[in-house]
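Encoded as structure tokens, the structure appears first; notes follow it.
The values are calculated or read from the model by the stated rules, or taken from the named source; none is laboratory data. If you're wondering where the values come from, they're calculated on a predicted model, not measured in any experiment. Cβ placement follows ideal geometry from the backbone for every residue including glycine, while neighbour counts extend to all protein chains displayed.
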């Protein structure tokens, strides 16, 4: 949590509105560590809240008017409580509007607010700045309006904001990770029960985020194809297995191996990745009980290889970084993080090795593409809270 950013935000709020904020909330971004495209298959994910996030500060308005300011650009979006609809002009406001709409559905909101947000989550790195904004908004406005909102309900409000206001059909991983994070720990999410628990990673471990800044074309259509293939696979297994199957979560690795050769080859590939990822997450959780970072890191490398070959959601930029990490003894594990087709690689390292590994990976990327990837060190950190 960056106190300098908070102090800047309070100062900007005072200068813009002429009053001090009465509520302050903070929510971190997140990184997906293991469990790729498993959330919509009702599987498992290991993720982490990170030490970069977003602050939201607010004060009550005397009437039904809401004045919302993006602290980084100083732009204001004004609207009324009676018309909390999505806007095309200032799309950044839709995340806050969507959360406010979710709170309004729970209880009567009697007055507007003066609000401003500012954060230090790098945009475009796949660290979910949007979920951080949603969760700190939800915590701040819930406190301002004296509402009690359980964490899982708040996560669902943030997800609904993404779906209906931002137009992104995301799962719940980003919001859950932001809310349930703990210092030096990973968040283990079960996307069937929506239960989240923390798993200690240890104080000597951290992650590097290597951002390619690449986003390949047709990502949305490719994502939709992967999801449809997973649904096809689940329907196939439901027709041949004797126990109920609603999602790939219900299929074991042994069952996959028994039937894989009878399936459409592409459908089998997609299912292999997801079922393998669920298996790796469960294995990873057990390894971390013994603080076996080397074996856990090997699961990350296997995860990336599955993404590359089975799910085909990697790309040359990501592969160059992972291959370079494989050659470094200090890089314990590496894999693409998030949807794929560009974005970032997450690398597991010990804190003392982070600077050396970051330089080696940036140089390796520069050798191939003519410019270095951007790197940053992130620590698993505490989840969202009001201050």
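Mind checking which residues of the stretch 309-354 are part of a loop (DSSP other than H, G, I, E, B), at negative phi and crowded, with 18+ Cβ neighbours inside 10 Å?
The first filter runs over the stretch 309-354 and keeps only residues part of a loop (DSSP other than H, G, I, E, B), leaving 312-315, 327-332, 338-341.
Those left that are additionally at negative phi: 313-315, 327-332, 339.
Within the stretch 309-354, 313, 314, 315, 331, 332, 339 qualify.
Can you confirm whether the stretch 41-57 contains a residue that is in a loop (DSSP other than H, G, I, E, B) and under 13 Å from the mean Cα position of the chain (by Cα)? Among the residues of the stretch 41-57, not one is in a loop (DSSP other than H, G, I, E, B) and under 13 Å from the mean Cα position of the chain (by Cα), which makes the answer no. The one condition from (1) under 24 Å from residue 348 (Cβ atoms); (2) surrounded by fewer than 16 Cβ atoms within 10 Å (Cβ to Cβ); (3) modelled with pLDDT under 95 that residue 225 does not meet is (1).
Evaluated against (1) touching a helix residue (DSSP H, G or I) at 6+ places or on another chain (Cβ under 6 Å); (2) under 29 Å from residue 83 (Cα atoms); (3) surrounded by fewer than 20 Cβ atoms within 10 Å (Cβ to Cβ), residue 42 falls short on exactly one condition, (2).
Which is surrounded by fewer than 17 Cβ atoms within 10 Å (Cβ to Cβ) and modelled with pLDDT under 90, of 167, 171, 126? Show your work before the answer.
Working: 171 fails: surrounded by fewer than 17 Cβ atoms within 10 Å (Cβ to Cβ); 126 fails: surrounded by fewer than 17 Cβ atoms within 10 Å (Cβ to Cβ).
Selected residue: 167, the only one of 167, 171, 126 that is surrounded by fewer than 17 Cβ atoms within 10 Å (Cβ to Cβ) and modelled with pLDDT under 90.
For the stretch 68-101, filtering for residues that are in a loop (DSSP other than H, G, I, E, B), in contact with a strand residue (DSSP E or B) (Cβ under 6 Å, 6 or more places away or on another chain) and more than 23 Å from residue 6 (Cβ to Cβ) leaves 1. So which residues in the stretch 49-84 are surrounded by fewer than 23 Cβ atoms within 10 Å (Cβ to Cβ), touching a residue at least 24 places away in the same chain (Cβ under 8 Å) and farther than 19 Å from residue 144 by Cβ, if there are any at all? The answer is 51, 72, 74. Every listed requirement among (1) out of contact with any helix residue (DSSP H, G or I) (no Cβ under 6 Å at 6 or more places or on another chain); (2) surrounded by fewer than 19 Cβ atoms within 10 Å (Cβ to Cβ) is met by residue 295 save one, (1).
Being out of contact with any strand residue (DSSP E or B) (no Cβ under 6 Å at 6 or more places or on another chain), more than 15 Å from residue 230 (Cβ to Cβ), part of a helix (DSSP H, G or I) and in contact (Cβ under 8 Å) with a residue 40 or more places away in the chain is a property that residue 287 lacks.
Could you list, in sequence order, the residues of the stretch 260-284 that are in contact (Cβ under 8 Å) with a residue 60 or more places away in the chain and surrounded by fewer than 21 Cβ atoms within 10 Å (Cβ to Cβ)?
Going through the stretch 260-284, the residues in contact (Cβ under 8 Å) with a residue 60 or more places away in the chain turn out to be 273-274, 277-278, 280-282, 284.
Answer for the stretch 260-284, where residues must be in contact (Cβ under 8 Å) with a residue 60 or more places away in the chain and surrounded by fewer than 21 Cβ atoms within 10 Å (Cβ to Cβ): just 282.
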